[in-house]
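Participant: Got a structure for you, written out below as structure tokens; questions coming shortly.
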Amino acid sequence: MKRLPIILLSLLALCSCKRDRMQYCIEGQQFTVEFFSPRIAHVSVAPEGAGREHRSLAVARFIPEKCRVRESDDFIEAFSESLKVEIDKSNGFIRFYDGKGKLLLTDKGRVFADHRLGDGQTYLLRQTFLSQGSEALYGLGGYQDCHSNYRGKSARLVQANMDIVNPYLVTTGGYALLWDNYSATDFCDDGKQFSFTSEVADAADYYIVAGECLDELVSGYRQLTGDVPMFPRSAYGFWQSKERYRSFDELEEVVRQFRQRRIPLDNIVQDWEYWGDKPHWNSMRFDAPGFAGAPERIADLHKRGNVNLMLSVWPGFGPETDIYKEMETVSGLFDEATWAGYKVFDAFNPLARDIFWEHLEPLLDTGVDALWLDATEPSFRDGFTQDGQEARSKAAGMTYLGLFDRYLNAYSLEMMKDLYPRLRERDSERRVFILTRSAFASQQRYAAAVWSGDISASWEVFHKQLVAGLNVSLTGIPYWTSDIGGFYVFGREGQFPRGLEDEEYKELYARWFQFGAFNPLFRSHGTDVPREPWQFGEEGDIWYDNQVKYIKLRYALLPYIYSVAHAVTSDGYTFMRHPAMDFPSDSTALNVNYAYMFGPAFYVRPVFCPVSKQTVVETYLPQCEGGIWYEFESSAPCAAASVHTSPSRCDCLPLFVRAGSIIPMTGVKQWADEHKDSSLEIAVYAGADGHFVWYDDEGDSYRYEQGLCSEVSISWDDAARTLTFADRKGRYPGMPEQVQMNITLHLADGSSVSETIQYDNSEISVRL
């Protein structure tokens, strides 16, 4: 009798057939289910006879895989070995099961309300899902709400200056959901069920991704929407920026100071108004006094400063610019007013995009290395709030594709989607780097990093950035950063009217700077006060020394960071990691909102309170294999699954390394590609087995995509106390034929053992 269910299941499978998709109609609603991989299913439900078909702007995979379909009296099912989609014929509910038969999620139905727009009939849609347990809910984008877990919470999915929308909901219940809609949307969870309510919808259109861990859910998103290209190695170094440098002379002096002081630097940023006055806003020309001779001056920055220049470019133009006049000829400008008097161009319009590129290319010809595409919500007036941004965007009216109401959140995506392939084709030997203020699903595939906007300086806002960054990362967009110290120090809601005369602001900046060193991108930026390290003091001053210390630590860690970056590209990995990603069985870790993993080794605990109010810092250290953590700075062992107390020191970030970690480091360079790594420091932390892949390549070409790169698998056998370097896989031009490995083993009793070997690209083991 025990074999009967198996026999029946087998008979049902025999009765099934393979199809590209499953389609069915129930009570006036047309259901479509298709699979894009064994663990990714697409569901679309629309009123029968709906006149407009939903076209995805975000999904990269458009050819479905064949799936098995079978029908009974009560249900119709589409399934693979990893996921089953079951439609209940009686009520239209849709249930999702994993490959083991576990119920993941139930689509409880949807309500379509007629909604007529200027571009045709559409619907106001409310879609409800029933959760199966108490799983945590992460993702949705990056918002200034400090919600680490959206269970019992709500979110407004509207792009704004400080809000990033990516409607990918990631759960600890074995599934994630991509809500493929671009209009203003409200997410709400009541603890038992959650819903998406979208203002404009032609169908309920979403994707279910099944996975046994959060990393699988992120990699599933990348499989669906596109992988992440590598940035140049220099992008992982330090970015110096402020609002704003007023001449090439000032840029050169800043770089000269960095080099003279022996502070590492890879990138310097020129913010707005290098073009001159507001009527010439974003002319894409170096026309302001102090910016003459751009090609020669930029070449000098490259040659003498060994630094890259990133330039601010906007999606809008002043009325006296040539590009403004050309855009008018193709109806490529929105009439809605902006705060600086420019007009935003229609990035949905292919003719307007062509004109944008025609004017951008000569600017790139001056030698600019990277683009900062600011205000890509896009910024009209009142963009600091979601309500204001929504109202002004809608007032802009019709885009090339239809009303802004329908495409409210997709502007930045469409701009990056067009720009990235043009940049790659223009110079296929140099990796593209774009920084932008807005994002949407799939934007990671266009070499676009995102930052959290024009935030204000306060301890509370600082804490919000960590939570926002973790949720952005959980949506599959790995490159996130914030303005260190807050963009506004005393403007808007900045809480430090005395600026650099206020010691507490310097303390906040120091803490934020420590956090920035463990972001995917490490950059200073802001207004009101200058941001160079020497503006905060001189050598011997705690505020100056703190910045130099963490810049140098960042550069020492570049072999580790660059290897993690490759894992992001090749394996669907994530840089900034919510504790739930690495410690899913630790219930306490699921709701931690003050610490995170940076790659596989580091547990980072930013400090969100001044010393005057908090003399000690408490950090919950999650349960990990071996049960041991180590303080990075002292190498002192700490017990896992416990609260560790550290003295609150302004010059020291609470930073921990878990047992079994292998961390490749190098001597401090003045810039990332100053020389190849012919010598590495390998830190190993005892207490558990470990593994790490050290990755290297040329640093700034796409030839890694053709295999011109190298990987060395490094393994630690804790019981045998043996570290093994495997045969080096792959080669690239200029690769060192021999690398000196200076190994330090940190032990659980607080002691350490050191050994030096010569690695000649062939397997070698050393017992420590």
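Participant: Just the residues that are under 25 Å from the mean Cα position of the chain (by Cα) and in a loop (DSSP other than H, G, I, E, B), please, taken from region 374-404.
Facilitator: Selection gives 374, 375, 376, 377, 378, 379, 380, 383, 384, 385.
Participant: Could you look through region 289-324, keep only residues that are assigned to a helix (DSSP H, G or I) and among the β-branched types (Val, Ile, Thr), and pick out the one that is farthest from residue 271 (Cα to Cα)?
Facilitator: The qualifying residue farthest from residue 271 (Cα to Cα) is 323.
Participant: Another question, then. Where residues in region 443-476 are small (Gly, Ala, Ser) and more than 16 Å from residue 579 (Cα to Cα), which of them is surrounded by the fewest Cβ atoms within 10 Å (Cβ to Cβ)?
Facilitator: Within region 443-476, the match that is surrounded by the fewest Cβ atoms within 10 Å (Cβ to Cβ) is 458.
Participant: Return yes or no: is residue 277 surrounded by fewer than 19 Cβ atoms within 10 Å (Cβ to Cβ) and either assigned by TED's automatic domain parsing to the domain that holds residue 485 or modelled with pLDDT under 95 (or both)?
Facilitator: yes
Participant: Can you confirm whether residue 417 is in a helix (DSSP H, G or I), within 16 Å of residue 158 (Cα to Cα) and at pLDDT 95 or above?
Facilitator: no
Participant: Also: If I ask for residues that are surrounded by 19 or more Cβ atoms within 10 Å (Cβ to Cβ) and touching a residue at least 24 places away in the same chain (Cβ under 8 Å), which ones from region 80-91 would you list?
Facilitator: Once the filter is applied, which keeps residues that are surrounded by 19 or more Cβ atoms within 10 Å (Cβ to Cβ) and touching a residue at least 24 places away in the same chain (Cβ under 8 Å), region 80-91 yields 80, 83, 85, 87.
Participant: A follow-up question, please. Which of the residues spanning region 204-248 are in contact with a helix residue (DSSP H, G or I) (Cβ under 8 Å, 6 or more places away or on another chain) and polar (S, T, N, Q)?
Facilitator: Answer for region 204-248, where residues must be in contact with a helix residue (DSSP H, G or I) (Cβ under 8 Å, 6 or more places away or on another chain) and polar (S, T, N, Q): 219, 225, 240.
Participant: Among the residues that make up region 111-126, is at least one of them among the hydrophobic types (A, V, I, L, M, F, W, C), touching a Phe, Trp or Tyr at 6+ places or on another chain (Cβ under 7 Å), touching a residue at least 40 places away in the same chain (Cβ under 8 Å) and farther than 23 Å from residue 191 by Cβ?
Facilitator: Taking every residue of region 111-126 in turn, at least one turns out to be among the hydrophobic types (A, V, I, L, M, F, W, C), touching a Phe, Trp or Tyr at 6+ places or on another chain (Cβ under 7 Å), touching a residue at least 40 places away in the same chain (Cβ under 8 Å) and farther than 23 Å from residue 191 by Cβ.
Participant: Which of (1) in a loop (DSSP other than H, G, I, E, B); (2) buried (at least 19 other Cβ atoms within 10 Å of the Cβ) does residue 497 not meet, given it meets every other one?
Facilitator: Single failed check for residue 497: (2).
Participant: In addition: For region 463-494, how many residues are assigned to a loop (DSSP other than H, G, I, E, B) and over 30 Å from residue 570 (Cα atoms)?
Facilitator: 9
Participant: Output the number of the condition that residue 327 fails; it satisfies all remaining conditions of (1) of a type in the set (A, V, I, L, M); (2) in a loop (DSSP other than H, G, I, E, B); (3) farther than 28 Å from residue 231 by Cβ.
Facilitator: Checking residue 327 against (1) of a type in the set (A, V, I, L, M); (2) in a loop (DSSP other than H, G, I, E, B); (3) farther than 28 Å from residue 231 by Cβ, the one that fails is (2).
Participant: Since residue 286 meets every condition but one in (1) part of a loop (DSSP other than H, G, I, E, B); (2) at pLDDT 95 or above; (3) under 23 Å from residue 414 (Cβ atoms), which condition does it not meet?
Facilitator: Tallying (1) part of a loop (DSSP other than H, G, I, E, B); (2) at pLDDT 95 or above; (3) under 23 Å from residue 414 (Cβ atoms), residue 286 fails exactly one: (3).
Participant: Which of the residues spanning region 727-758 are in a loop (DSSP other than H, G, I, E, B), among the small types (Gly, Ala, Ser), free of Cβ contacts under 8 Å to residues at least 40 places away in the same chain and in contact with a strand residue (DSSP E or B) (Cβ under 6 Å, 6 or more places away or on another chain)?
Facilitator: 730
Participant: If you don't mind, another one. Condition test on residue 144, is it touching an Asp or Glu at 6+ places or on another chain (Cβ under 6 Å), of a type outside the set (A, V, I, L, M, F, W, C), under 26 Å from residue 383 (Cα atoms) and surrounded by 15 or more Cβ atoms within 10 Å (Cβ to Cβ)?
Facilitator: So residue 144 fails the test.
Participant: Look through 438, 428 and report the one residue that is surrounded by 18 or more Cβ atoms within 10 Å (Cβ to Cβ), part of a loop (DSSP other than H, G, I, E, B) and touching a residue at least 40 places away in the same chain (Cβ under 8 Å).
Facilitator: Matching residue, one of 438, 428: 438.
Here's the yes/no breakdown for (1) at positive phi; (2) touching a strand residue (DSSP E or B) at 6+ places or on another chain (Cβ under 7 Å):
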site	(1), (2)
388	no, no
392	no, no
398	no, no
406	no, yes
416	no, yes
427	no, no
440	no, yes
447	yes, yes
459	no, no
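Participant: What number of residues within region 57-106 are closer than 23 Å to residue 212 by Cβ and aromatic (Phe, Trp, Tyr)?
Facilitator: Of the residues in that region, 3 qualify.
Participant: Find the residue count for region 716-726, including only residues that are of a type outside the set (D, E, K, R), in contact (Cβ under 8 Å) with a residue 40 or more places away in the chain and surrounded by 15 or more Cβ atoms within 10 Å (Cβ to Cβ).
Facilitator: Of the residues in region 716-726, 4 are of a type outside the set (D, E, K, R), in contact (Cβ under 8 Å) with a residue 40 or more places away in the chain and surrounded by 15 or more Cβ atoms within 10 Å (Cβ to Cβ).
Participant: Moving to a separate point now. Going by the structure shown, is residue 546 in contact with a helix residue (DSSP H, G or I) (Cβ under 6 Å, 6 or more places away or on another chain) and touching a residue at least 60 places away in the same chain (Cβ under 8 Å)?
Facilitator: Spelling it out, residue 546 is indeed in contact with a helix residue (DSSP H, G or I) (Cβ under 6 Å, 6 or more places away or on another chain) and touching a residue at least 60 places away in the same chain (Cβ under 8 Å).
Participant: For region 559-616, give me each residue that is within 21 Å of residue 691 (Cβ to Cβ) and basic (Lys, Arg).
Facilitator: 577
Participant: Go through region 669-682 and give me each residue that's buried (at least 16 other Cβ atoms within 10 Å of the Cβ) and part of a loop (DSSP other than H, G, I, E, B).
Facilitator: Listed by number, the residues that qualify are 669, 670, 671, 672, 673, 677.
Participant: So, in region 152-183, of the ones that are among the charged types (D, E, K, R) and out of contact with any helix residue (DSSP H, G or I) (no Cβ under 9 Å at 6 or more places or on another chain), which residue ends up nearest to residue 375 (Cα to Cα)?
Facilitator: Out of the qualifying residues, it is 180.
Participant: Okay, next question. Quick check on residue 63: is it within 23 Å of residue 217 (Cα to Cα), exposed (fewer than 14 other Cβ atoms within 10 Å of the Cβ) and modelled with pLDDT under 95?
Facilitator: Answer is yes for this residue.
Participant: Ok, one more. Picking from 486, 526, 540, which residue would you name as being over 27 Å from residue 225 (Cβ atoms) and surrounded by fewer than 24 Cβ atoms within 10 Å (Cβ to Cβ)?
Facilitator: Result: 540 is the single residue among 486, 526, 540 that is over 27 Å from residue 225 (Cβ atoms) and surrounded by fewer than 24 Cβ atoms within 10 Å (Cβ to Cβ).
Participant: From the list 704, 759, 732, which one is of a type in the set (Phe, Trp, Tyr), over 29 Å from residue 658 (Cα atoms) and surrounded by 18 or more Cβ atoms within 10 Å (Cβ to Cβ)?
Facilitator: One residue alone meets the criteria, 704.
Participant: Return the only residue of 678, 642, 634 being at pLDDT 95 or above, within 30 Å of residue 428 (Cα to Cα), more than 26 Å from the chain's Cα centre (by Cα) and of a type in the set (Gly, Ala, Ser).
Facilitator: On inspection, the qualifying residue turns out to be 678.
The values are calculated or read from the model by the stated rules, or taken from the named source; none is laboratory data. This is a predicted model, so every value here is computed, not measured. Cβ: placed from backbone, ideal geometry, glycine included. Neighbour counts: every protein chain shown.
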